[in-house]
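What follows is a set of notes on a single structure, which appears directly below.
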Amino acid sequence: MSDRLLPWLIPAIITVTVLPASSQVTMPLTVTVSPDRAVLGDTLAIVVNASEQPTVEVAGKALPVFSIGPQQWRAFVATTPLQTPGRRSLVVRAGNETRNMLLWVGDRAFPVQRIWLPAGKDTSGTDFEFDRVAAFKALVTPEKLWQGAFRRPNSGPVTTPYGVRRYYDGVFAKDYFHRGLDYAGAKGSPVVAAQRGRVALVGRESQGFLIHGNTVGIDHGQGVLTIYLHLDQIRVQEGQMFEAGQVIGTVGNTGASTGPHLHWGLYVNGECVDPRSWLAQGWQ
Ligand SMILES: [Zn+2]
């Protein structure tokens, strides 16, 4: 892969410092943010060129920063429908240089569903499954395993998009949004790895995955993860490496599912983001 940004990564803000003659061997600290018009749900990339490892803080919170080339690093900013649109402070430090900047994340209207729950149906799941899934979502491993764009994990049509908000029995669920895409593939149709990565989670309905159903989670490295729910068959084991497009299981109706479909989620630094930019062109 080229170390240079691809042409679609239009720099939003570039800050360049002219160094005094005495320190010309040091690369000046430059920061590039893309995309330049992010909205809630998008992933923003903060690419830093510097002569030493930088730190990146957004809204006062330090983000994981990884090397992506000679004297070049990157941090991802994950945004979700639950966040407040608008400005966020961005502070990048390397050596004795600091850049103070602002990020802008625009608002976005997400579709709304109204759900009436059947009386007496248990939708609480098990601590076992929620603990395992939470541990998976917290993974941030340093090696970048993916290469280029992500691919759709099933050929079925998308029936529920990312970010849908819900009312349950007429009450707005303020912490709920649809954390992924639903693909209405036929039962038994193949589910493929969206990108190269290592299987970091295998959960089975028979072991207590009552909500998620048969589940596979793939770690793509550098805080990027994908998860595949409600599978029928699982054809992987934890620890296995998979290439993009390899079959990891089949579409099913396991767990809290009302018909065969694949629920597919993409997580960055523990937050569920809209996969659309990852599917369209990915990140270098
Ligand atoms: Zn879903």
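Residue under question is residue 56, and the condition is that it be crowded, with 19+ Cβ neighbours inside 10 Å, of a type in the set (Val, Ile, Thr), over 17 Å from the mean Cα position of the chain (by Cα) and not assigned by TED's automatic domain parsing to the domain that holds residue 180; does it hold?
Values: crowded, with 19+ Cβ neighbours inside 10 Å: yes; of a type in the set (Val, Ile, Thr): yes; over 17 Å from the mean Cα position of the chain (by Cα): yes; not assigned by TED's automatic domain parsing to the domain that holds residue 180: yes.
It is true that residue 56 is crowded, with 19+ Cβ neighbours inside 10 Å, of a type in the set (Val, Ile, Thr), over 17 Å from the mean Cα position of the chain (by Cα) and not assigned by TED's automatic domain parsing to the domain that holds residue 180.
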Can you tell me which residues in segment 224-278 are among the small types (Gly, Ala, Ser) and within 11 Å of the ligand (Cβ to nearest atom)?
-> 255, 256, 257, 265
Restricting attention to strands (runs of 3 or more DSSP E) lying wholly within segment 26-121, give those where 2 or more residues are more than 21 Å from residue 164 (Cα to Cα).
-> 30-34, 43-49, 55-58, 66-69, 72-78, 86-94, 97-106
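Go through 213, 208, 203 for me and flag whichever is over 25 Å from residue 147 (Cβ atoms), out of contact with any Cys (no Cβ under 9 Å at 6 or more places or on another chain) and within 15 Å of the ligand (Cβ to nearest atom). It would help to see each step written out before you state the result.
Numbers: 208 fails: within 15 Å of the ligand (Cβ to nearest atom); 203 fails: within 15 Å of the ligand (Cβ to nearest atom).
Among 213, 208, 203, only 213 is over 25 Å from residue 147 (Cβ atoms), out of contact with any Cys (no Cβ under 9 Å at 6 or more places or on another chain) and within 15 Å of the ligand (Cβ to nearest atom).
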Residues (surrounded by fewer than 23 Cβ atoms within 10 Å (Cβ to Cβ) and closer than 15 Å to residue 164 by Cα) located in segment 265-274 | 265
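Has segment 70-82 got any residue that is over 20 Å from the mean Cα position of the chain (by Cα) and either surrounded by 11 or more Cβ atoms within 10 Å (Cβ to Cβ) or modelled with pLDDT of 95 or more (or both)?
Step one: of segment 70-82, the residues over 20 Å from the mean Cα position of the chain (by Cα) are 70-72.
Going one step further and asking which of them are either surrounded by 11 or more Cβ atoms within 10 Å (Cβ to Cβ) or modelled with pLDDT of 95 or more (or both), we end up with 71-72.
Yes, segment 70-82 contains a residue that is over 20 Å from the mean Cα position of the chain (by Cα) and either surrounded by 11 or more Cβ atoms within 10 Å (Cβ to Cβ) or modelled with pLDDT of 95 or more (or both).
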Search result, residues across segment 116-151 that are more than 26 Å from residue 90 (Cβ to Cβ) and loosely packed, with under 12 Cβ neighbours inside 10 Å = 116, 117, 118, 119, 120, 121, 122, 123, 124, 127, 131, 134
May I ask you to list the residues in segment 57-76 that are touching a residue at least 60 places away in the same chain (Cβ under 8 Å) and either β-branched (Val, Ile, Thr) or in contact with a helix residue (DSSP H, G or I) (Cβ under 7 Å, 6 or more places away or on another chain) (or both)?
-> 68
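Taking segment 176-186, which residues are within 16 Å of the ligand (Cβ to nearest atom) and more than 17 Å from residue 108 (Cβ to Cβ)? Full working, then the answer.
Applying the first criterion (within 16 Å of the ligand (Cβ to nearest atom)) to segment 176-186 yields 176-185.
Matches in segment 176-186: 182, 183, 184, 185.
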What pairs come up if the first residue lies in segment 40-56 and is within 18 Å of residue 225 (Cβ to Cβ) and at pLDDT 95 or above, the second is of a type in the set (Asp, Glu) and surrounded by 19 or more Cβ atoms within 10 Å (Cβ to Cβ), and their beta carbons are under 6 Å apart, counting only those six or more places apart or on different chains?
-> 41/274
Name the residue, out of 179, 99, that is of a type in the set (Lys, Arg) and farther than 24 Å from residue 250 by Cβ.
-> 99
Within segment 215-235, track down each residue that is surrounded by fewer than 21 Cβ atoms within 10 Å (Cβ to Cβ) and either free of Cβ contacts under 8 Å to residues at least 12 places away in the same chain or not in a strand (DSSP E or B) (or both).
-> 235
So residue 170 clears everything in (1) over 26 Å from residue 183 (Cβ atoms); (2) surrounded by fewer than 15 Cβ atoms within 10 Å (Cβ to Cβ); (3) touching a strand residue (DSSP E or B) at 6+ places or on another chain (Cβ under 7 Å) except one condition, right? Which one?
-> (3)
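The values are calculated or read from the model by the stated rules, or taken from the named source; none is laboratory data. Keep in mind that what you see is a predicted model, and the values were worked out from it rather than measured. Note that we place each Cβ from the backbone using ideal geometry, even for glycine, and neighbour counts take in every protein chain shown.
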